[in-house]
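Chemist: Okay, here's the structure, questions in a sec.
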Amino acid sequence: MGLENLILLLVLSIIFMPVILVIGCLVLVMTCNWSRNFRSGYVKLLLKVFQYGTGRIEIAEQQKKLETNKGKNGYANGNVVEAVEQAEDKLSTGHAIIKSSAMSKEDLVLLPNGNSSPKTPSIPKNRSFNSLNNDFILSDCLDFVHAGVEAIIEDEVTGRFVAEELKSWNLLTRTNRHYEFISVRLTITWILGFFVRYFILLPSRVTICFLAVIWLTLCTGLVGFLNEGPMKRAIYEKVSTWCFNFLSCALSAVVTFHNRENIPKCGICVANHTTPVDVMVLHCDNAYALIGQRHGGFLGIIQRALARASAHIWFERSEVKDRETVAKRLKEHVDDPDKLPILIFPEGTCINNTSVMQFKKGSFEVGSIVYPVAIKYDARFTDAFWNSSRHSMIQYLYMMMSSWALVCDVWYLPPMHRRPEESAIDFANRVKAVIAKQGGLVDLAWDGALKRMNAKKEWKQKQQEEFSKRLKVE
């Protein structure tokens, strides 16, 4: 029996050793400077193609507009220019419809933190109740009706959980405008792009992703056999960044890191959250311990692989007792100087790369140093936002791998400390504001949990109380 096991082990070694060597060589090639330069050149080429496509779209739309004007208004040749000049004259002389300066919903809606100071609507406060009864003016309520209709059509929260709107077309079919059929040249360009994305990029990326996950699992498993200490941490940092750089090739990632002198080395690292790929992006430059929800499937494989080599904190959101345990383990982790900085996404959900929403206060109550990190994706190359309520992880990865590339910027910001007598909520808002400013994102006070639940009852009561105060008369 012992001889049979030895023979089986020898056969497996002969079969798998060449495979491991091939994967290792591929990792070296894909993570070298040559590969990064190639991806950067590929992105620059894409920008030129996008510019060409945008130019063709603008020309086609201008021609269509001129033809429409000729057909409807009977303009011909130089009369179109004359009509445009007449329209401009109307605007300058005031004979055009001008948008009224009515109060918008931003002036009337009270934010959940209660810190906003909305403008007071134009209801005269010197009017008595009797005069209000006898001299009713319809315009008194129009501001509130206007704000309500605006909130129904488009509010600040719902728009953060849909794909970011592009200013120009990126030759992808994920649009209802059908730009690919505007002109023959643009149609040929789109067909070539379709062939490249689905018959060259997609198969090669799936293969690289499969090999990268195997390589990550193998390497972290080997690191897990080492004894705890500085040596294991140093080896894990190198192996982690190496493996994640290889994994990033599955998305043709081009990541630019700024202000690397502020790179986290201990404590807590907090960042805005657009996609699960955020973890991979940040791991391409530094090693982190992770805290978050326990997942199954593809993410679960990576979570278990990382847990073999370093200390991570996984929990179930539905278990309240686990949250208390998580807070305790988080405190123990950040108090240990030998452990990696722990990466946290305080929003608790993915936001669509346009804004930063409310930071949960839990990670800011620990009292540790906080390293803010801002992440901003370039939407021209792919829509990095993961709408988990609409797409599964496999569907999301398919969309990402069939896009052009993953291009983003990462800014390491100076470390921040909680000020004396500053609450955890105020500290969280201060950190959030710094991240939003650096990343060019909108700073919102709303809770990202509104993605899956209704507004809290106390928020509705605050709104009602605020409106009742404004409607009071003498």
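Chemist: Specify which residue in the list Ala374, Met393, Ala424 is farthest towards the positive end of the charge dipole of the range 184-455, using unit charges on the beta carbon of Lys, Arg (+1) and Asp, Glu (-1), about the Cα centre.
Modeler: With unit charges placed on the Cβ atoms, the residue in question is Met393.
Chemist: Solvent-accessible area per residue for the range 350-446 at a 1.4 Å probe radius, Å²? Let's see the in-between values first.
Modeler: Working: 3840 Å² over 97 residues.
Averaged over the residues of the range 350-446, the accessible area is 40 Å².
Chemist: Expressed as a rounded percentage, what relative contact order does the range 184-455 have, with Cα pairs under 8 Å and six or more residues apart? The partial results should precede the final answer.
Modeler: Working: 436 pairs, mean separation 67.4, N = 272.
RCO, the range 184-455: 25 percent.
Chemist: Just reorder His273, His295 by solvent-accessible area, largest first, 1.4 Å probe, all chains present.
Modeler: Values: His273 30, His295 70 Å².
Sorted descending by solvent-accessible area, the residues read His295, His273.
Chemist: Can you send over the solvent-accessible area of Lys328, 1.4 Å probe, protein chains only, in Å² to the nearest 10?
Modeler: 130
Chemist: Further, regarding this structure: On average, how much accessible surface per residue is there in the range 214-300, in Å², for a 1.4 Å probe, leaving out ligands, DNA and RNA? Write down the numbers at each step before the final one.
Modeler: Details: 3330 Å² over 87 residues.
On a per-residue basis, 38 Å².
Chemist: Carbon and sulfur together cover what percent of the accessible area of the range 184-455 at a 1.4 Å probe radius? Working shown, then result.
Modeler: Working: 7230 of 12110 Å².
Carbon plus sulfur share of accessible area: 60 percent.
Chemist: Quote the accessible area belonging to Arg329 in square angstrom, nearest 10, computed with a 1.4 Å probe and with ligands, DNA and RNA left uncounted.
Modeler: 90
Chemist: Put Phe194, Phe298 in order of accessible area, largest first, 1.4 Å probe: what do you get? The partial results should precede the final answer.
Modeler: Values: Phe194 80, Phe298 55 Å².
In descending accessible area the options line up as Phe194, Phe298.
Chemist: Let me ask something else about it. Over all directions, the average projected area of the alpha-carbon convex hull for the range 184-455 comes to how many nm²?
Modeler: On the way: hull surface 63.1 nm².
Mean projected area of the Cα convex hull: 15.8 nm².
Chemist: Given a Förster distance of 25 Å, report the FRET efficiency between Asp443 and Ser389 from their Cβ-Cβ distance, rounded to the nearest 0.05. Please list the in-between numbers first.
Modeler: Working: r = 24 Å, r/R0 = 0.95.
Step by step, r from the Cβ atoms, then E = 0.60.
Chemist: State the percent of C-alpha pairs, over all pairs in the range 185-255, separated by a distance greater than 19 angstrom.
Modeler: 51
Chemist: Oh, and also: With each label point set 7 Å from Cα along the Cα-Cβ vector, what nm distance links Ser35 and Glu228?
Modeler: Inter-label distance under the simple model: 3.3 nm.
Chemist: Still on this structure, please answer the following. Enter the accessible area of Lys64 (Å², nearest 10), with the probe set to 1.4 Å and all protein chains included.
Modeler: About 140 Å², ignoring ligands and nucleic acids.
Chemist: Assuming 0.36 nm per residue, please report the length gained on full extension of the stretch Asn69 to Glu458 beyond their Cα-Cα distance.
Modeler: Working: separation 389, 0.36 × 389 = 140.04 nm, distance 5.35 nm.
Full-extension gain reported as 134.7 nm.
The values are calculated or read from the model by the stated rules, or taken from the named source; none is laboratory data. Not measured: the values here are computed from a predicted model. Glycine gets a Cβ as well: all are built from the backbone with ideal geometry, and neighbour counts include every protein chain shown. For accessibility, only protein heavy atoms count, side chains too; no ligands or nucleic acids. Shrake-Rupley method; radii C 1.70, N 1.55, O 1.52, S 1.80 Å.
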